[in-house]
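Working notes, beginning with the structure itself.
The values are calculated or read from the model by the stated rules, or taken from the named source; none is laboratory data. These figures come from a predicted structure and were not determined experimentally. When we count neighbours, we look across all protein chains shown, and the Cβ atoms used for this are built from the backbone with ideal geometry, even at glycine. In case anyone asks, the SASA skips ligands and DNA or RNA and just uses the protein heavy atoms, side chains included. Shrake-Rupley method; radii C 1.70, N 1.55, O 1.52, S 1.80 Å.
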Amino acid sequence: MGSRLVGYGSYLPEKVMTNQDFEKIMDTSDEWIVQRTGMRERHFAAADETVVDMAANAARRALNSANLTIDDIDMLIVATTSSELDFPSVAVQVLGALGAKNNAPAFDVRGACTGYIYGLHCARAFFSAGMHNRIMVIGAEKMSRFIDFNDRNTAVLFGDGAGALIFERSSSGYSGIIDTVVMGDGREFDMLHGSPDHKIIMNGPETYKKAVTLMPAAAQHIMEHAGITAENVDWIIPHQANLRIIQSGAARLGFPLEKILITVDKHANTSGASGVLALSYGLDNGYIKHGQLVLYPAFGSGLTWGAALIRV
Ligand code: ACO
């Protein structure tokens, strides 16, 4: 029992914050940010724009692209760690925002930047068990909520946005979410975590070192698990944390750079939204085509890491 991708959509807030905008408010430079991260701009949600608003906007676009309504969805999974409310879940609030009446189960997964891979993993499991027919996986984050504008080490790195994917159960094991692997290691908590006053605590160089080994390891792991090699993959969409991390991972695996979709320059690190947003961007702009095989490696706070293989 497998799945197929039937719809996708994304949402980016209107406000664009460029590196030059950061130059005006802190001791940083466009040159430093581009050289060290590859980031040029990111989107910031308006003060009254919530994670639920962004997730609901992405969901509406995904439903439109699939010609479906929210009542056609029988499970909703939202990857997020930046919800404004402790409860209820963003997922159930999205059902409310879209006026769902079908009592579908809806829940959040908190996997930080690996959140969307955890979400895809759950969806694959429910399809494999034959328990659900149409699952929407959303990644949505308002990372700007956590930005400390006195900390140049982390302030420039993050952005806001949301992406949504809709999968339908299918008898083919070769389409949709073909495979997933997810891992976690709580011993590395100190490297990267939120603080009780909602700030990002990060040891950048240590996180960097972990990222350049864990993302390629996850990619290798899933290719072995699925019995494929790099030649079989059309696109790699790594978690968009830093261009240098992405390039280093590609070099380790021998992936040609032309196969790597890059959005970190435009969106910065949108954490749990990063991969779904990037897939939507790739499809909207004609890079990724129907039938192609996409490999998704990710890592994040926890530490958590993993990968997904999707045929679009
Ligand atoms: N502008 C100018 N200078 C800066 C800035 C900035 N925005 N930020 C840091 N610097 C300075 C530092 O103060 C330091 O100066 P010093 O040498 O005088 O002390 C210098 O630049 C070098 O700092 P490093 O931290 O060593 O810089 P590095 O090359 O490691 O780059 C970075 C920093 C970009 C954060 C990198 O370490 C990185 O990308 N790490 C991984 C981060 C990551 O992926 N985080 C997301 C994880 S996913 C999740 O779950 C949220």
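Table for the structure above
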| item | result |
| --- | --- |
| Residues of segment 89-98 that turn out to be in contact with a helix residue (DSSP H, G or I) (Cβ under 9 Å, 6 or more places away or on another chain) and farther than 19 Å from Y8 by Cα, as a count | 2 |
| Residue, farthest from the ligand (Cβ to nearest atom), within segment 101-129, restricted to residues that are open to solvent by 30 Å² or more (accessible area, probe 1.4 Å) and assigned to a loop (DSSP other than H, G, I, E, B) | K101 |
| Total residues in segment 167-203, condition in contact with a Ser or Thr (Cβ under 8 Å, 6 or more places away or on another chain) and within 30 Å of S65 (Cα to Cα) | 8 |
| Any strands (runs of 3 or more DSSP E) falling wholly within segment 176-290 and containing at least 2 residues that are open to solvent by less than 70 Å² (accessible area, probe 1.4 Å) and closer than 19 Å to L120 by Cα | 176-184 |
| Evaluation of N153 against (1) open to solvent by 10 Å² or more (accessible area, probe 1.4 Å); (2) in contact with a Phe, Trp or Tyr (Cβ under 7 Å, 6 or more places away or on another chain) (one fails), failing number | (2) |
| Some residue of segment 44-51 being away from the ligand (no atom under 13 Å from the Cβ), at pLDDT 95 or above and among the charged types (D, E, K, R) | yes |
| Failed item, numbered, when A104 is tested on (1) within 30 Å of I200 (Cα to Cα); (2) more than 16 Å from the chain's Cα centre (by Cα) | (1) |
| Scope segment 69-91; condition buried (at least 24 other Cβ atoms within 10 Å of the Cβ) and touching a Cys at 6+ places or on another chain (Cβ under 9 Å); matching residues | I77 |
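Residues are listed down the side, and each one gets a yes or a no for (1) among the charged types (D, E, K, R); (2) out of contact with any helix residue (DSSP H, G or I) (no Cβ under 9 Å at 6 or more places or on another chain):
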position	(1), (2)
Y118	no, no
A125	no, yes
M136	no, no
E141	yes, no
F167	no, no
